[in-house]
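The values are calculated or read from the model by the stated rules, or taken from the named source; none is laboratory data. These numbers were taken from a predicted model, which means no experiment stands behind them. Counting neighbours? That spans all protein chains shown, and the Cβs are built from the backbone with ideal geometry, glycine included.
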Amino acid sequence: MGPISEVTEKDWAVKEQSSMLYAQKLAEQGFVILAIDLPYWGENEGQPPNLVAPELYSEAFSTAVDYLGTQEFIDRNRIGVLGICGSGGFAISAAKMDPRLKAIATVSMYDMGAVTRNGLNHALTLQ
């Protein structure tokens, strides 16, 4: 994929957009990294493509922990999660439900749930 200026709508929310840069920098610091695409996005299969399915996203992080736990070189007591943009909220949700996630970080967190409930800048009212 080219520079971020070449990212198209179909490329939103995929690991190649920005998380791979964070993954590379963390790996350079000695971290073991697993970058994932959320369900229905990027290389993940699912129909329709690019479906927004928050109910599945936190589970995707736990599934990644399942996989990491099978790897002999992973210390199961030192698994963390980094969520970028909308995934920041889902990473927090996953960490609340999955005690195997021992550390959490977010970058430019976007609370998709709050925006869905309240509208952008709290523009949605009961009326």
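Regarding the range 84-93, can at least one residue be identified that is assigned to a helix (DSSP H, G or I), polar (S, T, N, Q), modelled with pLDDT under 90 and at negative phi? Yes, there is a match, as at least one residue in the range 84-93 is assigned to a helix (DSSP H, G or I), polar (S, T, N, Q), modelled with pLDDT under 90 and at negative phi. Scanning the range 94-127 for residues that are under 15 Å from residue 55 (Cα atoms) and either in a loop (DSSP other than H, G, I, E, B) or not hydrophobic (A, V, I, L, M, F, W, C) (or both) gives 96, 98, 111, 113, 116, 117. Among the residues of the range 42-57, what is the count of those that are touching a Pro at 6+ places or on another chain (Cβ under 8 Å), surrounded by 15 or more Cβ atoms within 10 Å (Cβ to Cβ) and part of a loop (DSSP other than H, G, I, E, B)? Residues flagged as touching a Pro at 6+ places or on another chain (Cβ under 8 Å), surrounded by 15 or more Cβ atoms within 10 Å (Cβ to Cβ) and part of a loop (DSSP other than H, G, I, E, B) within the range 42-57 amount to 0.
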